[in-house]
1. Quick one: in segment 327-434, what % of C-alpha pairs are over 16 Å apart?
2. With charges set only on the Cβ (+1 for Lys and Arg, -1 for Asp and Glu), what does the dipole of segment 260-367 come to about its Cα centre, in debye to the nearest 20?
3. Could you check how much of the accessible area of segment 79-140 is carbon and sulfur, as a whole percent, using a 1.4 Å probe?
4. Per residue, how many Å² of accessible area does segment 288-434 show with a 1.4 Å probe?
5. Listed here are the pairs LYS112/LYS172; LYS49/LYS93; LYS172/LYS330; LYS175/LYS301; LYS16/LYS49; LYS22/LYS175; which of them are more than 26 Å apart at the Cα?
6. How much accessible surface does PHE316 have with a 1.4 Å probe, in Å² rounded to 10?
7. Quick one: which of 9-17, 142-150 comes out on top by average Cβ neighbours within 10 Å, and what's the full order, highest first?
8. Packing-wise, with mean Cβ within 10 Å as the measure, how do 281-293, 107-119 rank, highest first?
Amino acid sequence: MKLPTVALVGRPNVGKSTIFNKIAGKQISIIEDTPGVTRDRIYSDAVYKDIKFNIIDTGGIDASLEKFNDEIKMQAEIAINEADVVVFIVDGKDGLTSNDLVVRDILRRSGKRVIVAINKVDNKKAMNHIYDFYELGFDEYIPVSGEHGIGYIELMESITKDFTKKEDQEDKRIKFSVIGRPNVGKSSLVNALLNQDRVIVSDVAGTTRDAIDTVLTYQKEEYVIIDTAGMRKKGKIYENVEKYSLLRSMKAIDRSDICLLVINASEGIIEHDKHIAGYVLEKGKGLILVINKWDTVEKEKNIKDYLKEVRSEFQFLSYVPVIFTSALTKRRIHTIMPEVVKVSENIKREVKTSILNDIINDAYLLNLPPSYKGRRLKIYYTSQTGTHPPKFTFFVNSKDLVHFSYERYLENKLRENIELEGTPIVLQFKNRNE
(Lines give C-alpha, C1' and ligand atoms only; values in the text may rest on other atoms or scores of the structure.)
Protein backbone atom coordinates (compact mmCIF):
# COMPACT_ATOMS: atom_id res chain seq x y z
CA MET A 1 0.00 0.00 0.00
CA LYS A 2 1.31 3.43 -0.96
CA LEU A 3 2.03 5.72 2.00
CA PRO A 4 0.01 8.95 2.20
CA THR A 5 1.86 12.14 1.28
CA VAL A 6 1.85 15.55 2.95
CA ALA A 7 3.16 18.69 1.18
CA LEU A 8 4.24 21.86 2.96
CA VAL A 9 3.75 25.00 0.86
CA GLY A 10 3.82 28.75 1.38
CA ARG A 11 5.65 31.93 0.47
CA PRO A 12 9.38 32.31 1.27
CA ASN A 13 10.67 32.48 4.84
CA VAL A 14 7.48 31.49 6.69
CA GLY A 15 9.22 28.57 8.45
CA LYS A 16 8.33 25.61 6.21
CA SER A 17 11.72 23.94 6.60
CA THR A 18 11.65 24.27 10.42
CA ILE A 19 8.25 22.56 10.56
CA PHE A 20 9.39 19.97 7.98
CA ASN A 21 12.42 19.02 10.13
CA LYS A 22 10.21 18.87 13.23
CA ILE A 23 7.76 16.47 11.57
CA ALA A 24 10.53 14.38 9.93
CA GLY A 25 12.33 14.17 13.27
CA LYS A 26 15.70 15.01 11.74
CA GLN A 27 17.59 17.90 10.14
CA ILE A 28 16.87 17.39 6.43
CA SER A 29 15.81 20.72 4.97
CA ILE A 30 18.34 23.53 5.22
CA ILE A 31 17.22 26.18 7.72
CA GLU A 32 18.56 29.66 7.05
CA ASP A 33 16.98 33.09 7.51
CA THR A 34 17.28 33.71 3.77
CA PRO A 35 14.24 33.60 1.47
CA GLY A 36 14.49 30.93 -1.21
CA VAL A 37 16.99 28.62 0.50
CA THR A 38 14.81 25.55 -0.17
CA ARG A 39 14.38 25.51 -3.94
CA ASP A 40 13.48 21.92 -4.88
CA ARG A 41 11.04 19.45 -3.40
CA ILE A 42 12.65 17.76 -0.40
CA TYR A 43 11.24 14.36 0.58
CA SER A 44 11.34 12.38 3.81
CA ASP A 45 9.39 9.71 5.59
CA ALA A 46 7.73 10.54 8.90
CA VAL A 47 5.93 8.72 11.72
CA TYR A 48 3.31 9.99 14.16
CA LYS A 49 1.70 7.57 16.64
CA ASP A 50 2.78 4.58 14.50
CA ILE A 51 1.25 6.17 11.40
CA LYS A 52 3.78 6.36 8.57
CA PHE A 53 3.57 8.91 5.77
CA ASN A 54 5.75 10.84 3.34
CA ILE A 55 6.41 14.55 3.68
CA ILE A 56 7.53 17.07 1.04
CA ASP A 57 9.08 20.47 1.68
CA THR A 58 8.87 23.00 -1.17
CA GLY A 59 10.51 26.24 -2.21
CA GLY A 60 8.78 29.47 -1.20
CA ILE A 61 6.36 30.80 -3.84
CA ASP A 62 7.07 34.49 -4.50
CA ALA A 63 5.04 36.68 -6.85
CA SER A 64 8.11 38.85 -7.54
CA LEU A 65 10.33 38.31 -10.59
CA GLU A 66 13.04 36.37 -8.75
CA LYS A 67 15.52 34.26 -10.80
CA PHE A 68 14.15 30.87 -9.72
CA ASN A 69 10.56 31.76 -8.94
CA ASP A 70 8.90 30.20 -12.03
CA GLU A 71 10.71 26.91 -11.45
CA ILE A 72 9.93 26.99 -7.71
CA LYS A 73 6.26 27.62 -8.41
CA MET A 74 6.20 24.68 -10.82
CA GLN A 75 7.92 22.41 -8.25
CA ALA A 76 5.40 23.41 -5.58
CA GLU A 77 2.50 22.68 -7.93
CA ILE A 78 3.93 19.22 -8.65
CA ALA A 79 4.29 18.59 -4.89
CA ILE A 80 0.67 19.67 -4.34
CA ASN A 81 -0.44 17.31 -7.09
CA GLU A 82 1.41 14.41 -5.39
CA ALA A 83 0.00 15.17 -1.94
CA ASP A 84 -3.02 13.79 -0.12
CA VAL A 85 -2.95 16.67 2.38
CA VAL A 86 -1.42 20.13 1.93
CA VAL A 87 -0.22 22.19 4.91
CA PHE A 88 -0.34 25.85 3.86
CA ILE A 89 2.12 27.66 6.14
CA VAL A 90 1.68 31.40 6.72
CA ASP A 91 3.58 33.87 8.92
CA GLY A 92 1.55 35.05 11.92
CA LYS A 93 3.92 37.95 12.59
CA ASP A 94 3.59 39.43 9.09
CA GLY A 95 -0.13 38.82 8.68
CA LEU A 96 -1.81 38.11 5.36
CA THR A 97 0.22 39.13 2.29
CA SER A 98 -0.33 39.25 -1.47
CA ASN A 99 2.02 36.26 -1.85
CA ASP A 100 -0.24 34.25 0.50
CA LEU A 101 -3.13 35.00 -1.86
CA VAL A 102 -1.09 33.68 -4.83
CA VAL A 103 -0.51 30.42 -2.95
CA ARG A 104 -4.20 30.29 -1.99
CA ASP A 105 -5.24 30.49 -5.64
CA ILE A 106 -2.92 27.59 -6.56
CA LEU A 107 -4.34 25.48 -3.71
CA ARG A 108 -7.96 26.22 -4.62
CA ARG A 109 -7.36 24.97 -8.15
CA SER A 110 -5.84 21.73 -6.81
CA GLY A 111 -8.96 20.63 -4.95
CA LYS A 112 -6.80 19.04 -2.20
CA ARG A 113 -7.53 19.05 1.53
CA VAL A 114 -5.74 22.09 2.98
CA ILE A 115 -4.70 22.83 6.57
CA VAL A 116 -3.59 26.42 7.21
CA ALA A 117 -0.75 26.42 9.77
CA ILE A 118 -0.32 29.95 11.16
CA ASN A 119 3.34 29.88 12.17
CA LYS A 120 5.40 32.04 14.57
CA VAL A 121 2.49 32.61 16.97
CA ASP A 122 4.79 32.97 19.95
CA ASN A 123 3.97 36.61 20.72
CA LYS A 124 0.96 38.91 21.16
CA LYS A 125 1.43 40.63 17.77
CA ALA A 126 1.15 37.32 15.93
CA MET A 127 -1.96 36.30 17.89
CA ASN A 128 -3.65 39.55 16.76
CA HIS A 129 -3.18 38.52 13.11
CA ILE A 130 -4.69 35.03 13.40
CA TYR A 131 -8.19 35.92 12.28
CA ASP A 132 -6.90 37.83 9.23
CA PHE A 133 -6.07 34.46 7.66
CA TYR A 134 -9.70 33.29 7.68
CA GLU A 135 -10.03 35.46 4.58
CA LEU A 136 -8.17 32.67 2.72
CA GLY A 137 -11.41 30.69 2.75
CA PHE A 138 -10.19 27.25 3.92
CA ASP A 139 -11.80 25.04 6.60
CA GLU A 140 -8.92 24.29 9.01
CA TYR A 141 -6.65 26.80 10.81
CA ILE A 142 -4.07 25.81 13.44
CA PRO A 143 -1.80 28.32 15.25
CA VAL A 144 1.74 26.87 15.58
CA SER A 145 5.31 27.77 16.33
CA GLY A 146 7.77 25.54 14.47
CA GLU A 147 10.62 26.92 16.54
CA HIS A 148 9.00 26.41 19.96
CA GLY A 149 6.75 23.41 19.25
CA ILE A 150 3.49 25.25 19.96
CA GLY A 151 0.49 23.58 18.31
CA TYR A 152 2.59 20.65 17.03
CA ILE A 153 0.31 17.92 18.44
CA GLU A 154 -2.83 19.65 17.12
CA LEU A 155 -1.22 19.96 13.67
CA MET A 156 -0.14 16.30 13.59
CA GLU A 157 -3.56 15.09 14.75
CA SER A 158 -5.18 17.07 11.96
CA ILE A 159 -2.72 15.88 9.30
CA THR A 160 -3.04 12.20 10.16
CA LYS A 161 -6.73 11.94 11.10
CA ASP A 162 -7.64 10.13 7.87
CA PHE A 163 -4.40 8.08 7.58
CA THR A 164 -4.26 4.39 8.50
CA LYS A 165 -1.51 2.67 10.44
CA LYS A 166 1.05 0.69 8.47
CA GLU A 167 3.48 -1.91 9.81
CA ASP A 168 7.12 -0.92 9.60
CA GLN A 169 8.81 -2.43 6.59
CA GLU A 170 12.53 -2.50 5.93
CA ASP A 171 13.36 -0.56 2.78
CA LYS A 172 15.34 -3.02 0.66
CA ARG A 173 15.38 -0.85 -2.44
CA ILE A 174 18.77 -0.03 -3.92
CA LYS A 175 19.66 3.61 -3.32
CA PHE A 176 22.05 5.42 -5.63
CA SER A 177 23.23 9.00 -5.33
CA VAL A 178 24.19 11.32 -8.17
CA ILE A 179 27.28 13.19 -6.98
CA GLY A 180 29.98 15.47 -8.33
CA ARG A 181 31.22 19.03 -8.53
CA PRO A 182 28.72 21.86 -9.12
CA ASN A 183 27.33 22.35 -12.62
CA VAL A 184 28.37 18.99 -14.11
CA GLY A 185 24.76 18.18 -15.03
CA LYS A 186 23.61 16.05 -12.09
CA SER A 187 20.06 17.40 -11.97
CA SER A 188 19.70 17.17 -15.75
CA LEU A 189 20.87 13.56 -15.54
CA VAL A 190 18.28 12.72 -12.88
CA ASN A 191 15.53 14.37 -14.94
CA ALA A 192 16.64 12.44 -18.04
CA LEU A 193 16.54 9.15 -16.09
CA LEU A 194 13.10 9.92 -14.71
CA ASN A 195 11.91 11.40 -17.98
CA GLN A 196 10.37 14.28 -16.04
CA ASP A 197 11.47 17.57 -14.47
CA ARG A 198 11.83 16.36 -10.91
CA VAL A 199 14.55 18.82 -9.87
CA ILE A 200 15.27 22.38 -10.95
CA VAL A 201 17.77 22.52 -13.81
CA SER A 202 19.78 25.69 -14.36
CA ASP A 203 23.12 26.67 -15.84
CA VAL A 204 23.93 28.53 -12.61
CA ALA A 205 26.41 26.54 -10.52
CA GLY A 206 24.96 25.49 -7.16
CA THR A 207 21.25 25.47 -8.08
CA THR A 208 20.59 22.24 -6.13
CA ARG A 209 21.35 22.88 -2.47
CA ASP A 210 19.60 19.92 -0.84
CA ALA A 211 19.71 16.16 -1.43
CA ILE A 212 16.45 14.97 -2.94
CA ASP A 213 15.10 11.40 -2.93
CA THR A 214 13.07 10.19 -5.89
CA VAL A 215 11.75 6.72 -6.75
CA LEU A 216 12.57 5.29 -10.17
CA THR A 217 10.99 2.07 -11.46
CA TYR A 218 13.18 0.04 -13.83
CA GLN A 219 12.33 -3.49 -15.01
CA LYS A 220 9.55 -3.66 -12.39
CA GLU A 221 12.01 -2.92 -9.56
CA GLU A 222 12.03 0.29 -7.53
CA TYR A 223 15.26 2.25 -7.04
CA VAL A 224 15.76 5.40 -4.97
CA ILE A 225 17.76 8.19 -6.63
CA ILE A 226 19.42 10.77 -4.40
CA ASP A 227 20.26 13.98 -6.27
CA THR A 228 22.86 15.94 -4.29
CA ALA A 229 24.18 19.44 -4.10
CA GLY A 230 27.43 19.98 -6.02
CA MET A 231 30.43 19.19 -3.84
CA ARG A 232 32.92 22.06 -3.59
CA LYS A 233 36.36 22.00 -1.99
CA LYS A 234 36.04 22.91 1.69
CA GLY A 235 38.48 25.81 1.26
CA LYS A 236 36.23 27.40 -1.35
CA ILE A 237 33.05 27.35 0.70
CA TYR A 238 32.12 30.73 2.13
CA GLU A 239 28.37 30.65 2.72
CA ASN A 240 26.83 28.65 5.55
CA VAL A 241 24.35 27.22 3.05
CA GLU A 242 27.23 25.85 0.95
CA LYS A 243 28.71 24.19 4.05
CA TYR A 244 25.42 22.49 4.81
CA SER A 245 25.19 21.34 1.21
CA LEU A 246 28.62 19.69 1.32
CA LEU A 247 27.62 17.86 4.50
CA ARG A 248 24.35 16.84 2.84
CA SER A 249 26.24 15.41 -0.14
CA MET A 250 28.53 13.42 2.13
CA LYS A 251 25.53 12.11 4.09
CA ALA A 252 23.87 11.16 0.79
CA ILE A 253 26.96 9.09 -0.06
CA ASP A 254 26.81 7.49 3.39
CA ARG A 255 23.24 6.27 2.90
CA SER A 256 23.69 5.20 -0.73
CA ASP A 257 24.48 1.72 -1.98
CA ILE A 258 25.93 3.06 -5.23
CA CYS A 259 27.26 6.48 -6.29
CA LEU A 260 27.18 7.88 -9.81
CA LEU A 261 30.12 10.30 -9.95
CA VAL A 262 29.28 12.78 -12.71
CA ILE A 263 32.14 14.50 -14.57
CA ASN A 264 31.80 17.33 -17.08
CA ALA A 265 33.35 15.99 -20.31
CA SER A 266 34.25 19.48 -21.54
CA GLU A 267 36.07 20.41 -18.31
CA GLY A 268 37.84 17.08 -17.93
CA ILE A 269 38.97 15.47 -14.68
CA ILE A 270 40.40 17.60 -11.89
CA GLU A 271 41.91 16.68 -8.53
CA HIS A 272 38.67 17.31 -6.67
CA ASP A 273 36.92 14.61 -8.72
CA LYS A 274 39.50 12.19 -7.33
CA HIS A 275 38.83 13.40 -3.79
CA ILE A 276 35.10 12.73 -4.18
CA ALA A 277 35.84 9.27 -5.62
CA GLY A 278 38.22 8.61 -2.73
CA TYR A 279 35.48 9.41 -0.23
CA VAL A 280 33.11 6.98 -1.97
CA LEU A 281 35.81 4.31 -1.91
CA GLU A 282 36.56 4.99 1.75
CA LYS A 283 32.88 4.48 2.58
CA GLY A 284 32.78 1.15 0.70
CA LYS A 285 30.11 2.18 -1.80
CA GLY A 286 29.58 0.93 -5.34
CA LEU A 287 30.75 3.44 -7.94
CA ILE A 288 30.02 4.28 -11.58
CA LEU A 289 31.78 7.11 -13.43
CA VAL A 290 29.44 9.09 -15.69
CA ILE A 291 31.13 11.34 -18.25
CA ASN A 292 28.30 13.80 -18.92
CA LYS A 293 27.92 16.56 -21.55
CA TRP A 294 29.57 14.22 -24.07
CA ASP A 295 27.79 16.13 -26.86
CA THR A 296 30.14 19.10 -26.18
CA VAL A 297 33.36 17.18 -26.99
CA GLU A 298 32.49 14.16 -29.14
CA LYS A 299 33.56 15.92 -32.37
CA GLU A 300 37.07 16.48 -31.00
CA LYS A 301 37.55 13.20 -29.08
CA ASN A 302 36.34 9.63 -29.36
CA ILE A 303 35.26 7.46 -26.44
CA LYS A 304 38.28 5.16 -26.72
CA ASP A 305 40.80 8.01 -26.32
CA TYR A 306 38.83 9.72 -23.56
CA LEU A 307 38.51 6.41 -21.71
CA LYS A 308 42.31 6.07 -21.70
CA GLU A 309 42.53 9.49 -20.03
CA VAL A 310 39.93 8.49 -17.44
CA ARG A 311 41.74 5.23 -16.63
CA SER A 312 45.04 7.11 -16.37
CA GLU A 313 43.61 9.71 -13.96
CA PHE A 314 41.66 7.15 -11.89
CA GLN A 315 44.23 4.36 -11.67
CA PHE A 316 42.91 3.40 -8.24
CA LEU A 317 39.45 2.78 -9.79
CA SER A 318 40.32 0.30 -12.52
CA TYR A 319 37.33 -1.85 -11.48
CA VAL A 320 34.77 0.96 -11.98
CA PRO A 321 32.54 1.08 -15.11
CA VAL A 322 32.64 4.30 -17.16
CA ILE A 323 29.59 5.62 -19.05
CA PHE A 324 29.52 8.43 -21.61
CA THR A 325 26.24 10.34 -21.76
CA SER A 326 24.56 13.60 -22.64
CA ALA A 327 21.70 14.49 -20.31
CA LEU A 328 20.79 17.37 -22.62
CA THR A 329 20.28 15.22 -25.74
CA LYS A 330 19.51 12.03 -23.72
CA ARG A 331 22.07 10.12 -25.79
CA ARG A 332 23.29 6.93 -24.08
CA ILE A 333 21.12 7.63 -21.01
CA HIS A 334 19.73 4.11 -21.50
CA THR A 335 23.18 2.67 -20.59
CA ILE A 336 23.04 3.92 -16.99
CA MET A 337 20.41 1.69 -15.37
CA PRO A 338 21.87 -1.63 -16.65
CA GLU A 339 25.16 -0.63 -14.97
CA VAL A 340 23.33 0.29 -11.76
CA VAL A 341 21.64 -3.12 -11.78
CA LYS A 342 24.95 -4.90 -12.37
CA VAL A 343 26.80 -3.00 -9.64
CA SER A 344 23.89 -3.51 -7.21
CA GLU A 345 24.25 -7.26 -7.72
CA ASN A 346 28.02 -7.09 -7.27
CA ILE A 347 28.02 -5.14 -3.99
CA LYS A 348 25.94 -7.91 -2.38
CA ARG A 349 27.63 -10.82 -4.18
CA GLU A 350 28.34 -13.93 -2.10
CA VAL A 351 31.03 -16.43 -3.16
CA LYS A 352 31.04 -20.10 -2.15
CA THR A 353 33.88 -20.87 0.24
CA SER A 354 35.17 -23.74 -1.90
CA ILE A 355 35.38 -21.56 -5.01
CA LEU A 356 37.03 -18.77 -3.04
CA ASN A 357 39.72 -21.06 -1.67
CA ASP A 358 40.38 -22.55 -5.10
CA ILE A 359 40.98 -19.06 -6.51
CA ILE A 360 43.31 -18.04 -3.66
CA ASN A 361 45.23 -21.33 -3.64
CA ASP A 362 45.84 -21.11 -7.40
CA ALA A 363 46.94 -17.48 -7.05
CA TYR A 364 49.29 -18.37 -4.20
CA LEU A 365 50.97 -21.20 -6.12
CA LEU A 366 51.23 -19.10 -9.28
CA ASN A 367 53.03 -16.29 -7.45
CA LEU A 368 54.50 -17.06 -4.04
CA PRO A 369 54.78 -14.10 -1.69
CA PRO A 370 58.32 -12.78 -1.06
CA SER A 371 60.14 -14.07 2.03
CA TYR A 372 61.14 -11.69 4.79
CA LYS A 373 64.00 -12.59 7.15
CA GLY A 374 63.62 -16.24 6.21
CA ARG A 375 59.85 -16.24 6.73
CA ARG A 376 57.16 -16.42 4.06
CA LEU A 377 53.45 -15.64 4.24
CA LYS A 378 51.23 -18.73 4.31
CA ILE A 379 47.49 -18.58 3.59
CA TYR A 380 45.68 -21.40 5.36
CA TYR A 381 42.07 -20.56 4.63
CA THR A 382 39.87 -17.82 3.14
CA SER A 383 36.21 -17.03 3.73
CA GLN A 384 33.79 -14.30 2.81
CA THR A 385 32.75 -12.43 5.95
CA GLY A 386 30.54 -9.64 4.61
CA THR A 387 28.74 -7.87 1.76
CA HIS A 388 28.00 -4.23 0.87
CA PRO A 389 30.88 -4.27 -0.07
CA PRO A 390 32.14 -7.88 -0.26
CA LYS A 391 34.64 -8.61 2.52
CA PHE A 392 37.11 -11.50 2.46
CA THR A 393 39.07 -12.72 5.49
CA PHE A 394 42.39 -14.55 5.07
CA PHE A 395 43.69 -16.71 7.91
CA VAL A 396 47.50 -16.66 7.73
CA ASN A 397 50.60 -17.61 9.68
CA SER A 398 51.50 -13.94 10.30
CA LYS A 399 49.60 -10.91 9.04
CA ASP A 400 52.80 -8.85 9.49
CA LEU A 401 54.19 -10.67 6.42
CA VAL A 402 51.46 -9.28 4.13
CA HIS A 403 53.04 -6.75 1.77
CA PHE A 404 50.70 -4.16 0.18
CA SER A 405 51.79 -5.25 -3.31
CA TYR A 406 50.85 -8.87 -2.57
CA GLU A 407 47.50 -7.75 -1.15
CA ARG A 408 46.86 -5.89 -4.40
CA TYR A 409 47.84 -9.02 -6.34
CA LEU A 410 45.28 -11.09 -4.41
CA GLU A 411 42.58 -8.47 -5.02
CA ASN A 412 43.32 -8.52 -8.75
CA LYS A 413 43.05 -12.31 -8.82
CA LEU A 414 39.70 -12.18 -7.04
CA ARG A 415 38.44 -9.63 -9.56
CA GLU A 416 39.70 -11.73 -12.50
CA ASN A 417 37.67 -14.72 -11.32
CA ILE A 418 34.60 -13.16 -9.69
CA GLU A 419 32.19 -10.58 -11.13
CA LEU A 420 32.96 -7.58 -8.88
CA GLU A 421 32.84 -4.66 -11.31
CA GLY A 422 31.87 -1.38 -9.69
CA THR A 423 32.26 -2.49 -6.08
CA PRO A 424 35.24 -2.04 -3.78
CA ILE A 425 36.25 -5.15 -1.86
CA VAL A 426 37.76 -5.43 1.61
CA LEU A 427 40.62 -7.84 2.31
CA GLN A 428 41.27 -8.61 5.97
CA PHE A 429 44.14 -10.74 7.28
CA LYS A 430 44.05 -12.58 10.59
CA ASN A 431 46.54 -14.83 12.32
CA ARG A 432 45.28 -18.39 12.54
CA ASN A 433 45.01 -18.27 16.33
CA GLU A 434 42.93 -15.05 16.36
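1. Working: 3582 of 5778 pairs.
The answer is 62 percent, as a whole percent.
2. Details: 16 positive and 15 negative charges, 70 e Å.
Charge dipole, segment 260-367, about its Cα centre: 340 debye, nearest 20.
3. Numbers: 1280 of 2880 Å².
The C+S portion of the solvent-accessible surface of segment 79-140 is 44 percent.
4. Details: 8170 Å² over 147 residues.
Result: 56 Å² per residue.
5. Working: LYS112/LYS172 31 Å; LYS49/LYS93 31 Å; LYS172/LYS330 29 Å; LYS175/LYS301 33 Å; LYS16/LYS49 22 Å; LYS22/LYS175 24 Å.
The answer is LYS112/LYS172; LYS49/LYS93; LYS172/LYS330; LYS175/LYS301.
6. Surface accessible to solvent at PHE316 totals approximately 90 Å².
7. On the way: 9-17: 24.1, 142-150: 18.2.
The most tightly packed comes first, giving 9-17, 142-150.
8. On the way: 281-293: 22.4, 107-119: 19.2.
Top to bottom by mean Cβ count within 10 Å: 281-293, 107-119.
The values are calculated or read from the model by the stated rules, or taken from the named source; none is laboratory data. All values derive from a computational prediction rather than experimental measurement. Reconstructed Cβ throughout: ideal geometry from the backbone, glycine too, with neighbour counts over all protein chains shown. With ligands, DNA and RNA removed, areas are computed over all heavy atoms of the protein, side chains included. Shrake-Rupley method; radii C 1.70, N 1.55, O 1.52, S 1.80 Å.
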